[in-house]
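Structure first, then comments.
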């Protein structure tokens, strides 16, 4: 696999633009960008996770089923159900656990949980195959292959797995190239009119 | 309802100015540099920490092409500006992002570069966006010569003469930077690398250090070429002229979206400035030294305004107005007047029935003569943490926040084409940020989300229809498209100066106001608009040179004036 090294700011910017290019709203795209960076700092393939999830970016979000202190999202698209699930879990309502079934990209949901836990300084546990662990201690290999993923609100403060000392990410070159193609959908084609008038400046500056 | 009362005024009994007044484009577009501006803060820190600048590499040929390294030792670290000077055909010289070659290019290196580092950077820095960089690089930049003036200075120095003072005064720089990239761009270090670096940890401090070093390089380069051209007759530039030669900058629309996409940072910049003003206005009586200083600075300001002449009709008319108003204010404000109680509050009041330029110039003056009282606020302006989304907030509370902080937006009729005239976009041509006419140009469906007012109005409409008992999490389940607006509204509840309170799509929107706002926080002066979306400015004019940065008066360069030969 060919890889390229990208700064975390490049990763965030590219993922946000790629998500918009794929049809995500700006609010969701920001969350996906942050989640991708969180996964990269946790040593995971954040770029690949976001890229995969954007393929279902236009899937309509269905309301979850509420059962006691739990909420279940059926046929879960990580890009849309993931942020909504974290909203519910951190909403200080009676919801203490959220489950996403038939989840397309479980790794991305972990990234979304990681970034929201970090932002709100709340402990979030991830449960795969019945075992609940903090995000920091999460078995990402097992999680990647899960078909359903559950998040439980912990009692303490933040349990984030991200390493803030990470300064750059090594990402799959092909995935990066695919992101660039999606991001390019957000750029307006150049015309002579936009070249001359759009920036409000001279074309040459030999004074 | 105003949100003015929500703003803590620290220990000051004087309230901070209301965001509804301060955060209007017209006022932001009248900001002046202050002692809290980032260049000033950097120079004070370099002075405090007794920074030393050296030039370990100078491999520049007789015509001025080659490479050089400047190193700054400060705060236990070494930072090195790696500079490259290359030939550039006249038809390639443009200050815009669409340029693909420049007269000079630069990287700020973390530490001391090896020869291998220099070779790697020589292969990449002149290519700028097309190159790739490593986390050892902190900033990437480039600059073009002010062609006619640069050659004039070379020729004069080679003849043993000083440059024409009128040209020094009216142009004020030898080179213009056309981009200064930081924070991870093209592979350079993410900002987090600098978070524990003290002197460079804050907003744009690494970028400002880079620009200061580039200014010094521009001085050295022009003298080097002149010396090589005529070593027998060459003279160096007089210090007073050299000090007045800052570094130019050409700034376009790319700077404007930053203010919208970094709301917490914008808040901290403006709140720091407003808190400083409140502290000064709360002073009941002033000492004679401060009063004398204020009078001196008012005289300096008058001379600075006289030396600020530009072609742009709109800005020149504003300069002429503020010149007249400043003379009126100066006629009243003397030592006796300032010796009465609450001098600074009265001076601020005196400016209120004058132009915004005059009002904001008074703000900058008041801060300038109260360093001991306000300088600590610079630290609070340096970093910011964006607000997190509070999904537990009741819908009714969110709607209240919309009404409190976005009343300016809720009243706009977005069905009126004049209110949606503009759209901001990124061109596929080198990703240059541009502005289009929605009703005449293609691409509006790809616009950047700078329409905060319109987004909030849309959300408020849906909030009004929602069950008041819902929380934000439940609201977003039904209306996921409002996630961005939720964050913005919740953010401004804690950070009152985080939003520009004007419609950035409207026909009357002047992007130049946003550029001036941001550039004033950098410390720029002599704003020289070339259109409503593009400006030239001068940075570090009057600032200490490399060998003056540890001098006792190194901080005294607000609103520089070109002094006459003694």
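Which of (1) buried (at least 17 other Cβ atoms within 10 Å of the Cβ); (2) within 14 Å of another protein chain (Cβ to nearest Cβ) does residue B:92 not meet, given it meets every other one?
(1)
Among the candidates A:170, A:180, which residue alone is surrounded by fewer than 18 Cβ atoms within 10 Å (Cβ to Cβ), under 19 Å from residue B:426 (Cβ atoms) and either within 14 Å of chain B (Cβ to nearest Cβ) or modelled with pLDDT of 90 or more (or both)?
A:180
I'd like to know if the stretch A:181-192 contains one or more residues that are touching a strand residue (DSSP E or B) at 6+ places or on another chain (Cβ under 8 Å), farther than 27 Å from residue A:18 by Cα and outside any loop (DSSP other than H, G, I, E, B).
no
Taking the residues in the stretch A:115-136 that are out of contact with any strand residue (DSSP E or B) (no Cβ under 9 Å at 6 or more places or on another chain), more than 19 Å from residue A:78 (Cβ to Cβ) and in contact (Cβ under 8 Å) with a residue 24 or more places away in the chain as candidates, determine which candidate is farthest from the other protein chains (Cβ to nearest Cβ).
A:136
Only one residue in B:279, B:273, B:227, B:243 is in a helix (DSSP H, G or I), modelled with pLDDT of 95 or more and crowded, with 24+ Cβ neighbours inside 10 Å. Which one?
When all the criteria are applied, what remains is B:273.
Would you pick out the residues in the stretch B:195-222 that are in a helix (DSSP H, G or I) and over 20 Å from the mean Cα position of the chain (by Cα)? Let's see the steps before the verdict.
First, pick out the residues of the stretch B:195-222 that are in a helix (DSSP H, G or I): B:198-200, B:205-222.
Scanning the stretch B:195-222 gives B:198, B:217, B:218, B:219, B:220, B:221, B:222.
Looking at this structure, is residue A:54 modelled with pLDDT under 95 and either under 9 Å from the mean Cα position of the chain (by Cα) or within 19 Å of residue B:426 (Cβ to Cβ) (or both)?
Numbers: modelled with pLDDT under 95: yes; either under 9 Å from the mean Cα position of the chain (by Cα) or within 19 Å of residue B:426 (Cβ to Cβ) (or both): yes.
For residue A:54, the condition - modelled with pLDDT under 95 and either under 9 Å from the mean Cα position of the chain (by Cα) or within 19 Å of residue B:426 (Cβ to Cβ) (or both) - is met.
Which of the residues that make up the stretch B:174-193 are in contact (Cβ under 8 Å) with a residue 60 or more places away in the chain and either within 12 Å of chain A (Cβ to nearest Cβ) or farther than 18 Å from residue B:252 by Cβ (or both)?
B:174, B:175, B:176, B:178, B:188, B:189, B:193 - these are the residues of the stretch B:174-193 that are in contact (Cβ under 8 Å) with a residue 60 or more places away in the chain and either within 12 Å of chain A (Cβ to nearest Cβ) or farther than 18 Å from residue B:252 by Cβ (or both).
Kindly establish whether residue B:500 is within 11 Å of chain A (Cβ to nearest Cβ), under 30 Å from residue B:313 (Cα atoms), modelled with pLDDT of 95 or more and surrounded by 22 or more Cβ atoms within 10 Å (Cβ to Cβ). Give the derivation first.
On the way: within 11 Å of chain A (Cβ to nearest Cβ): no; under 30 Å from residue B:313 (Cα atoms): yes; modelled with pLDDT of 95 or more: yes; surrounded by 22 or more Cβ atoms within 10 Å (Cβ to Cβ): yes.
Spelling it out, it is not the case that residue B:500 is within 11 Å of chain A (Cβ to nearest Cβ), under 30 Å from residue B:313 (Cα atoms), modelled with pLDDT of 95 or more and surrounded by 22 or more Cβ atoms within 10 Å (Cβ to Cβ).
Among the residues of the stretch A:185-207, write down those that are farther than 30 Å from residue B:145 by Cα, at the interface with chain B (Cβ under 7 Å from one of its Cβ atoms) and exposed (fewer than 15 other Cβ atoms within 10 Å of the Cβ).
The first filter runs over the stretch A:185-207 and keeps only residues farther than 30 Å from residue B:145 by Cα, leaving A:185-189.
Narrowing further to those that are at the interface with chain B (Cβ under 7 Å from one of its Cβ atoms): A:186-189.
Passing the criteria: only A:189.
What do you reckon, is residue B:83 farther than 30 Å from residue B:502 by Cα, touching a helix residue (DSSP H, G or I) at 6+ places or on another chain (Cβ under 8 Å), within 14 Å of chain A (Cβ to nearest Cβ) and buried (at least 17 other Cβ atoms within 10 Å of the Cβ)?
Taking the combined requirement at face value, the residue does not satisfy it.
Here are the criteria: (1) surrounded by fewer than 24 Cβ atoms within 10 Å (Cβ to Cβ); (2) within 18 Å of the chain's Cα centre (by Cα). Tell me which single one residue A:91 does not satisfy.
For residue A:91, the exception is condition (2).
Mind listing whichever residues of the stretch B:484-497 are facing chain A (nearest Cβ under 8 Å) and surrounded by fewer than 24 Cβ atoms within 10 Å (Cβ to Cβ)?
Just the residues of the stretch B:484-497 that are facing chain A (nearest Cβ under 8 Å), to begin with: B:484-487.
Passing the criteria: B:484, B:487.
Against the condition in contact with a helix residue (DSSP H, G or I) (Cβ under 6 Å, 6 or more places away or on another chain) and over 23 Å from residue B:261 (Cα atoms), how does residue A:44 come out, does it pass?
Details: in contact with a helix residue (DSSP H, G or I) (Cβ under 6 Å, 6 or more places away or on another chain): yes; over 23 Å from residue B:261 (Cα atoms): yes.
In short, yes.
Would it be correct to say that residue B:428 is crowded, with 22+ Cβ neighbours inside 10 Å, touching a strand residue (DSSP E or B) at 6+ places or on another chain (Cβ under 9 Å) and within 14 Å of another protein chain (Cβ to nearest Cβ)? Explain how you work it out, then say what you get.
On the way: crowded, with 22+ Cβ neighbours inside 10 Å: no; touching a strand residue (DSSP E or B) at 6+ places or on another chain (Cβ under 9 Å): yes; within 14 Å of another protein chain (Cβ to nearest Cβ): yes.
So residue B:428 fails the test.
From B:424, B:344, B:408, which residue is within 30 Å of residue A:14 (Cβ to Cβ), touching a residue at least 60 places away in the same chain (Cβ under 8 Å) and outside any loop (DSSP other than H, G, I, E, B)? Outline the logic, then answer.
Values: B:344 fails: within 30 Å of residue A:14 (Cβ to Cβ); B:408 fails: within 30 Å of residue A:14 (Cβ to Cβ).
The unique qualifying residue is B:424.
Within the stretch A:17-28, restricting attention to residues that are under 12 Å from residue A:79 (Cα atoms) and more than 10 Å from chain B (Cβ to nearest Cβ), which residue is surrounded by the fewest Cβ atoms within 10 Å (Cβ to Cβ)?
Within the stretch A:17-28, the match that is surrounded by the fewest Cβ atoms within 10 Å (Cβ to Cβ) is A:23.
Mind counting the residues in the stretch A:77-114 that are in contact (Cβ under 8 Å) with a residue 60 or more places away in the chain and more than 8 Å from every other protein chain (Cβ to nearest Cβ)?
If we filter the stretch A:77-114 for residues that are in contact (Cβ under 8 Å) with a residue 60 or more places away in the chain, which is where we start, we get A:79, A:85-86, A:89-90, A:107-108, A:110-112, A:114.
Next, only the ones that are more than 8 Å from every other protein chain (Cβ to nearest Cβ) stay: A:79, A:85, A:89, A:107-108, A:110-112, A:114.
Adding up the residues that qualify gives 9.
Looking at (1) over 20 Å from residue A:31 (Cα atoms); (2) within 11 Å of chain A (Cβ to nearest Cβ), can you tell me which one residue B:458 breaks?
(2)
So residue B:450 fits all but one of (1) out of contact with any helix residue (DSSP H, G or I) (no Cβ under 7 Å at 6 or more places or on another chain); (2) at pLDDT 95 or above; (3) within 13 Å of chain A (Cβ to nearest Cβ); what number is the exception?
(1)
Given the condition in a loop (DSSP other than H, G, I, E, B), modelled with pLDDT of 95 or more and crowded, with 18+ Cβ neighbours inside 10 Å, answer yes or no: does some residue in the stretch B:369-381 qualify? Can you show your working first?
Of all residues in the stretch B:369-381, those in a loop (DSSP other than H, G, I, E, B) come to B:369-370, B:375-376, B:381.
Pick out the ones that are also modelled with pLDDT of 95 or more and you get B:369-370, B:375-376.
From what's left, crowded, with 18+ Cβ neighbours inside 10 Å: B:369-370.
The answer is yes, given that some residue of the stretch B:369-381 is in a loop (DSSP other than H, G, I, E, B), modelled with pLDDT of 95 or more and crowded, with 18+ Cβ neighbours inside 10 Å.
Would you confirm whether or not the stretch B:369-380 contains a residue that is away from chain A (no Cβ under 14 Å), under 24 Å from residue B:308 (Cα atoms), in contact (Cβ under 8 Å) with a residue 24 or more places away in the chain and within 24 Å of the chain's Cα centre (by Cα)? Quick ask: steps written out before the conclusion?
Step one: filter the stretch B:369-380 for residues away from chain A (no Cβ under 14 Å), giving B:369-380.
Cutting the leftovers down to under 24 Å from residue B:308 (Cα atoms) gives us B:369.
From what is left, the residues that are in contact (Cβ under 8 Å) with a residue 24 or more places away in the chain are B:369.
From what is left, the residues that are within 24 Å of the chain's Cα centre (by Cα) are B:369.
Checked the stretch B:369-380: at least one residue is away from chain A (no Cβ under 14 Å), under 24 Å from residue B:308 (Cα atoms), in contact (Cβ under 8 Å) with a residue 24 or more places away in the chain and within 24 Å of the chain's Cα centre (by Cα).
Mind listing just one residue for me: the one in the stretch A:29-40 that is out of contact with any strand residue (DSSP E or B) (no Cβ under 7 Å at 6 or more places or on another chain) and more than 9 Å from every other protein chain (Cβ to nearest Cβ) and, of those, surrounded by the fewest Cβ atoms within 10 Å (Cβ to Cβ)?
Step one: of the stretch A:29-40, the residues out of contact with any strand residue (DSSP E or B) (no Cβ under 7 Å at 6 or more places or on another chain) are A:29-39.
From what is left, the residues that are more than 9 Å from every other protein chain (Cβ to nearest Cβ) are A:32-39.
On the way: A:32: 33, A:33: 24, A:34: 22, A:35: 31, A:36: 34, A:37: 28, A:38: 27, A:39: 28.
That would be A:34.
Which residues, counting only those in the stretch A:108-131, are surrounded by fewer than 24 Cβ atoms within 10 Å (Cβ to Cβ) and under 13 Å from residue A:148 (Cα atoms)?
A:127, A:128, A:129, A:130, A:131, listed by residue number.
Only one residue in B:73, B:62 is without any contact (Cβ under 8 Å) to a residue 60 or more places away in the chain and either more than 24 Å from the chain's Cα centre (by Cα) or under 20 Å from residue B:208 (Cα atoms) (or both). Which one? Before you say what the answer is, go through the steps one by one.
Details: B:62 fails: without any contact (Cβ under 8 Å) to a residue 60 or more places away in the chain.
Criteria check complete, one pass: B:73.
The values are calculated or read from the model by the stated rules, or taken from the named source; none is laboratory data. Since the model is a prediction, treat every value here as computed from it, not as a measurement. A quick note on method: Cβ atoms are made from the backbone with ideal geometry, for glycine too, and the neighbour counts reach across all protein chains shown.
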